[in-house]
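Peer 1: I have a structure I would like to understand better, so I am pasting it below and will then ask my questions one at a time.
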């Protein structure tokens, strides 16, 4: 019987492409209402883990359960589509339809995939655009928006399906540094509201601020996991310490140092419609 408080469980997940092992026995747990962040060097399997959660990739061994659905046993495209209605995915690239307005990008899936009425879908879309600071951009086309604005539209589009879980895959990696903050602010607000989410990010300070748990990956394995106070303040594994030394310049040794180093940022980074 699945634990009703558990949103995602991965157990002993192995995945290889040809002779190349990408995941080598991954165990991950995400509880409802949690923000879980996966960190690690490029090529360590972080994004692959997210894709396995939605059935975009199928492991050769292991089990993946999202809610009450055993993802690794799904056989038909209809079953996979039903899963993806419940799981939002925000990618590095925005993947917006360039020929559709922002409003149409938000209403197309709710109306065509799950049959929501047009008026209800538009009402939700306008509310979500307001939530991400883009209330005045409903009639704009993606090409008229900055990268940060497009990524906020992509987040709103994922939320338009009312998902029970949302996955963020390095959503700031393609952005100009000046627009990173506006996207992180939106995600921070969603986490504060209790949205269940799994994030892959290279933004270490952000991960420390918003996560309930951190998983550190290396070469397709989970090296260490725990609350951010442990991972950033007192990492057990030398490999974790070495990664964080490179990512942060130094690893705070005590939780007190962690608290000082990662004090919440000022609330000045609010999404604005005229952000460049």
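Peer 1: Among the residues of the range 109-146, what is the count of those that are in a helix (DSSP H, G or I) and more than 22 Å from the chain's Cα centre (by Cα)?
Peer 2: Matching residues across the range 109-146 total 14.
Peer 1: Oh, and also: Let me confirm something: among 144, 164, which residue is out of contact with any helix residue (DSSP H, G or I) (no Cβ under 7 Å at 6 or more places or on another chain) and at negative phi?
Peer 2: 144
Peer 1: A further question on this structure: So, residue 217, is that one without any contact (Cβ under 8 Å) to a residue 40 or more places away in the chain and under 17 Å from the mean Cα position of the chain (by Cα) or not?
Peer 2: no
Peer 1: If a residue has to be surrounded by fewer than 23 Cβ atoms within 10 Å (Cβ to Cβ) and either in contact with a helix residue (DSSP H, G or I) (Cβ under 6 Å, 6 or more places away or on another chain) or closer than 24 Å to residue 243 by Cβ (or both) to count, how many in the range 31-43 make the cut?
Peer 2: Result for the range 31-43: 5.
Peer 1: For residue 223, which of the numbered conditions (1) surrounded by fewer than 20 Cβ atoms within 10 Å (Cβ to Cβ); (2) part of a strand (DSSP E or B); (3) under 15 Å from the mean Cα position of the chain (by Cα) fails to hold?
Peer 2: (3)
Peer 1: Just the residues that are closer than 13 Å to residue 167 by Cβ, touching a helix residue (DSSP H, G or I) at 6+ places or on another chain (Cβ under 7 Å) and in a helix (DSSP H, G or I), please, taken from the range 82-107.
Peer 2: Scanning the range 82-107 gives a single hit, 83.
Peer 1: Exactly one condition in (1) under 15 Å from the mean Cα position of the chain (by Cα); (2) at pLDDT 95 or above is not met by residue 93; state its number.
Peer 2: Going through (1) under 15 Å from the mean Cα position of the chain (by Cα); (2) at pLDDT 95 or above one by one, residue 93 breaks only (2).
Peer 1: From the list 135, 127, 121, pick out the single residue that is buried (at least 16 other Cβ atoms within 10 Å of the Cβ) and more than 29 Å from residue 29 (Cβ to Cβ).
Peer 2: 121
Peer 1: Quick check on the range 187-204: of everything there that is under 12 Å from the mean Cα position of the chain (by Cα) and under 19 Å from residue 149 (Cβ atoms), which residue is surrounded by the most Cβ atoms within 10 Å (Cβ to Cβ)?
Peer 2: 187
Peer 1: So, one more: Output the qualifying pairs, or none if there are none: Cβ atoms under 6 angstrom, residues six or more apart or on different chains, first residue in the range 60-81 and assigned to a strand (DSSP E or B), second residue at pLDDT 95 or above and surrounded by fewer than 17 Cβ atoms within 10 Å (Cβ to Cβ).
Peer 2: 61/14; 62/11; 62/12; 62/14; 63/11
The values are calculated or read from the model by the stated rules, or taken from the named source; none is laboratory data. These numbers come from a predicted model, not from an experiment. Glycine also receives a Cβ, built like all others from the backbone with ideal geometry; neighbour counts cover every protein chain displayed.
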